[in-house]
Amino acid sequence: MSPPPRKIIIDTDPGIDDAMAILYALAAPELEVVGLTTVFGNAHVELCTTNAFHILDVAGRSDIPVAHGAGRPLAMPYRGPAAFVHGENGLADIAFHDARRAPHELDAAHFIIEQVLAAPGEITLVPIGPLTNIALAMLLRPDLPQHLAGMVIMGGNAFCPGNASPAAEANIINDPEAADLVFGADCPIVMCGLDVTERTVMTGAQIDEIARIDTPRARLAAQILPHYREFHRASHGLDGIHVHDSTCVSYMIAPQHYASVLRPIRVDCGHHVGRGKTWPSLSDQAHGGEWKNRPPVTILTEVDSAAVVDLELNRLASV
Ligand code: RIB
Ligand code: CA
């Protein structure tokens, strides 16, 4: 007898890899996507909300609510969209009809609070963009973490360089203050950082295989992945893509393919070269000083890349 699906809210800035992660989660019977909440990041939040609707429409899941979220970080201007990575519209500049739906009546932070308090202990937040909405929800309801099943976060870089700067990963550098608050939440947190996502590679040949699958979801993937593949070729000399956001889904449905360490985390909120760096403590015990009273975070450190990419592709081809 299979256990009931785990309820998740995906907080997202779609975003090509966000789109892949959302399609992947929707194809996973182990998960129930309760809703999407949108946030600035790869594109302006208005475009992220439109993109979220389009992804759900393609997947035939227009029943899933989308709550519109933060358009800027807590304490700094928005750094601007990553058009060179995701295209001007956030989804490889593909053309699609505008969503016919309106966002949920609640904004992202209030939607998260409403959903979590209505199902205490059942919902896992899956943030795959800047952590602003999660931080806002925690500021509104400091007790929110107590009612969460946990958080599985794509963001950060514990023991490796960043990708948005030598120090920092893109989601974290987009709102370090929010990230430092969220990584201090007293609930189970898993950090799917660059330590594993940059070592999870979907090859060019595998991307070519997707183009041979004749389903709406695979067709969307085949439309948006070439732009992302070209970014990786030009920036990393890689024929393939780093699988960032889908790592959260792979971890939730197949944790056996990962290794991890437990460390409290602080985020550098300074205004110098290190801004946005996620710093694990020296051991699984919160030291004094800046890591004092910080709960340990499960930091993914190793991944079986072939296994998790095969899993994602098999799920994409299964619907
Ligand atoms: O660093 C990778 C992260 O930044 C991913 O979430 C990607 O979508 C971008 O938001
Ligand atoms: Ca993202």
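Here, each number is a calculation from the coordinates, and none is a lab measurement. What you see is a predicted model; the values in this text were computed from it and never measured. Neighbour counts are summed over all protein chains in view; Cβ atoms, including those assigned to glycine, are modelled from backbone coordinates with ideal geometry.
Looking only at residues in region 126-147 that are buried (at least 24 other Cβ atoms within 10 Å of the Cβ) and assigned to a loop (DSSP other than H, G, I, E, B), the one that is farthest from ligand 1 (Cβ to nearest atom) is L131. Scanning region 156-167 for residues that are over 24 Å from A43 (Cβ atoms), in a helix (DSSP H, G or I) and touching a Gly at 6+ places or on another chain (Cβ under 8 Å) turns up nothing. Residues in region 254-281 that are among the charged types (D, E, K, R) and either within 13 Å of T298 (Cα to Cα) or in contact with a Pro (Cβ under 8 Å, 6 or more places away or on another chain) (or both): R263, D268, R275. Being in contact (Cβ under 8 Å) with a residue 24 or more places away in the chain, within 14 Å of ligand 2 (Cβ to nearest atom), over 21 Å from I64 (Cβ atoms) and not hydroxyl-bearing (S, T, Y) is the requirement here; does G87 meet it? Considered against the rule, which asks whether it is in contact (Cβ under 8 Å) with a residue 24 or more places away in the chain, within 14 Å of ligand 2 (Cβ to nearest atom), over 21 Å from I64 (Cβ atoms) and not hydroxyl-bearing (S, T, Y), G87 comes out as yes. Every condition in (1) in a loop (DSSP other than H, G, I, E, B); (2) within 14 Å of ligand 2 (Cβ to nearest atom); (3) in contact with a strand residue (DSSP E or B) (Cβ under 7 Å, 6 or more places away or on another chain); (4) free of Cβ contacts under 8 Å to residues at least 60 places away in the same chain is met by A43 except one, and the failing one is (3). When A119, A109, A75, A82 are checked against the criterion of being in contact (Cβ under 8 Å) with a residue 24 or more places away in the chain, within 16 Å of ligand 1 (Cβ to nearest atom) and not charged (D, E, K, R), a single residue qualifies: A82.
The set of residues in region 90-114 that are within 16 Å of ligand 2 (Cβ to nearest atom) and either charged (D, E, K, R) or assigned to a loop (DSSP other than H, G, I, E, B) (or both) comprises G90, L91, A92. When region 1-23 is filtered for residues that are within 18 Å of V85 (Cα to Cα), assigned to a loop (DSSP other than H, G, I, E, B) and not charged (D, E, K, R), the ones remaining, listed by number, are P14, G15. Being within 30 Å of P29 (Cα to Cα), part of a loop (DSSP other than H, G, I, E, B) and more than 21 Å from the chain's Cα centre (by Cα) is a description that applies to V319.
In region 171-184, the condition of being part of a loop (DSSP other than H, G, I, E, B) and either away from ligand 1 (no atom under 13 Å from the Cβ) or free of Cβ contacts under 8 Å to residues at least 24 places away in the same chain (or both) is met by at least one residue. Counting residues in region 35-44 that are closer than 18 Å to D175 by Cα and surrounded by fewer than 24 Cβ atoms within 10 Å (Cβ to Cβ) gives one or more. Condition test on P161, is it without any contact (Cβ under 8 Å) to a residue 60 or more places away in the chain, under 24 Å from P73 (Cβ atoms), out of contact with any strand residue (DSSP E or B) (no Cβ under 9 Å at 6 or more places or on another chain) and surrounded by fewer than 24 Cβ atoms within 10 Å (Cβ to Cβ)? So P161 passes the test. Name the single residue, out of those in region 249-285 being of a type in the set (A, V, I, L, M, F, W, C), in a loop (DSSP other than H, G, I, E, B) and surrounded by fewer than 17 Cβ atoms within 10 Å (Cβ to Cβ), that is farthest from the chain's Cα centre (by Cα). Ranking the qualifying residues of region 249-285, first place goes to L282. In a residue-by-residue description of region 226-241, the property of being crowded, with 17+ Cβ neighbours inside 10 Å, more than 16 Å from the chain's Cα centre (by Cα), without any contact (Cβ under 8 Å) to a residue 60 or more places away in the chain and within 16 Å of ligand 2 (Cβ to nearest atom) applies to at least one position.
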